Amino acid sequence: MARNITTIAFDADDTLWHNMRFYELTEARFVALLADYAAPEHLSERLLAAERRNLKLYGFGIKGFTLSMIETAIEVTENRVPAAVLREVLEAGRELLSHPVETLPHARKALEALAPDYRLLLVTKGDLFDQERKIAASGLADFFAGIEIVSDKTADTYARIFARHGEGAAQALMAGNSLRSDVVPALRAGAWGVHVPHEHEWSMEAADEPSAEPRYRRIGDLGQLVRLVQEIG
């Protein structure tokens, strides 16, 4: 009997392991460094604006975030930011690049349960070196038949990946914490899209919930994914 799903893809950051909380700690450190020049809310707004501008130049990831912090520091101080402050911003970025990899509850058990019967993929975006470091440190790499590190996640991206690694998007499922990057484009490609919310969400990853989509599902954590996949068939 043909199955509705043969391939299951997972996002990495804040789906399999913690990520955004380290960015938030770094941003809090950045705000404290520049407290004499601007209010915290203003600094966060200016930093987010810089990140939006710079995505097309630097892409997603820590290096682009660090450059955006430096740019924001120069802007809010009207070119008067002390070199010592810039040095600390750079150090904060370096520390972010070496933060520990802490897998989320249920992640390993879900992979262990699904791997014998489904083709598992890892689809993540961001800086190549940083993503490779985290994948290796997670201890989860061996579960995946394919690992894709992409510059962005679009419907075309998912269509190509599911065609290359499986029977196409129609028999694939994408699970992730981001509606914008993991769920909506996967649905547009023709796959199932499963939202696994994380308590820390980057505002640039927000999107309207596609509740009316027949292939959309939402679960509380990865511990519920195995039963959902079995129900879909």
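The values are calculated or read from the model by the stated rules, or taken from the named source; none is laboratory data. Just so we're clear, the structure is a prediction, and the values are computed from it rather than from any experiment. All Cβ positions, glycine included, derive from the backbone under ideal geometry; neighbour counts span all protein chains shown.
General observations
- Within the stretch 50-87, the set of residues being without any contact (Cβ under 8 Å) to a residue 12 or more places away in the chain and small (G, A, S) comprises A83, A84.
- Checked against the criterion of being in contact with a Ser or Thr (Cβ under 7 Å, 6 or more places away or on another chain) and part of a helix (DSSP H, G or I), the stretch 192-203 has no qualifying residue.
- The number of residues in the stretch 8-28 being crowded, with 16+ Cβ neighbours inside 10 Å and out of contact with any Asp or Glu (no Cβ under 7 Å at 6 or more places or on another chain) comes to 12.
- Count - residues of the stretch 145-179 that are more than 13 Å from the chain's Cα centre (by Cα), among the polar types (S, T, N, Q) and not in a helix (DSSP H, G or I): 1
- Filtering the stretch 190-211 to residues that are within 18 Å of V229 (Cβ to Cβ), buried (at least 19 other Cβ atoms within 10 Å of the Cβ) and not aromatic (F, W, Y) leaves A191, G193, V194, H195, V196.
Table: residues versus (1) assigned by TED's automatic domain parsing to the domain that holds G168; (2) within 19 Å of the chain's Cα centre (by Cα); (3) of a type in the set (A, V, I, L, M, F, W, C).
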{"residue": "A35", "(1), (2), (3)": "no, no, yes"}
{"residue": "P40", "(1), (2), (3)": "no, no, no"}
{"residue": "E45", "(1), (2), (3)": "no, no, no"}
{"residue": "F60", "(1), (2), (3)": "no, yes, yes"}
{"residue": "A84", "(1), (2), (3)": "no, no, yes"}
{"residue": "E88", "(1), (2), (3)": "no, no, no"}
{"residue": "T124", "(1), (2), (3)": "yes, yes, no"}
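- Qualifying positions in the stretch 112-143 - aliphatic (A, V, I, L, M) and touching a residue at least 40 places away in the same chain (Cβ under 8 Å): A113, L114, L120, L121, L122, V123, I135, L140
- Members of the stretch 63-96 that are out of contact with any Phe, Trp or Tyr (no Cβ under 8 Å at 6 or more places or on another chain), under 19 Å from Q131 (Cα atoms) and not acidic (D, E): K63, T66, R94
- Every test in (1) in contact with a Leu (Cβ under 9 Å, 6 or more places away or on another chain); (2) over 14 Å from T26 (Cα atoms); (3) assigned to a helix (DSSP H, G or I) is passed by E88 save one, and that test is (2).
- Pick from the stretch 38-80, criterion modelled with pLDDT of 90 or more and not in a helix (DSSP H, G or I), ranking: surrounded by the most Cβ atoms within 10 Å (Cβ to Cβ): T77
- Residue within the stretch 205-228 that is in a helix (DSSP H, G or I) and of a type in the set (S, T, Y) present: no
- Test: residue in the stretch 29-36 that is on the phi < 0 side of the Ramachandran plot, touching a residue at least 60 places away in the same chain (Cβ under 8 Å) and part of a helix (DSSP H, G or I): yes
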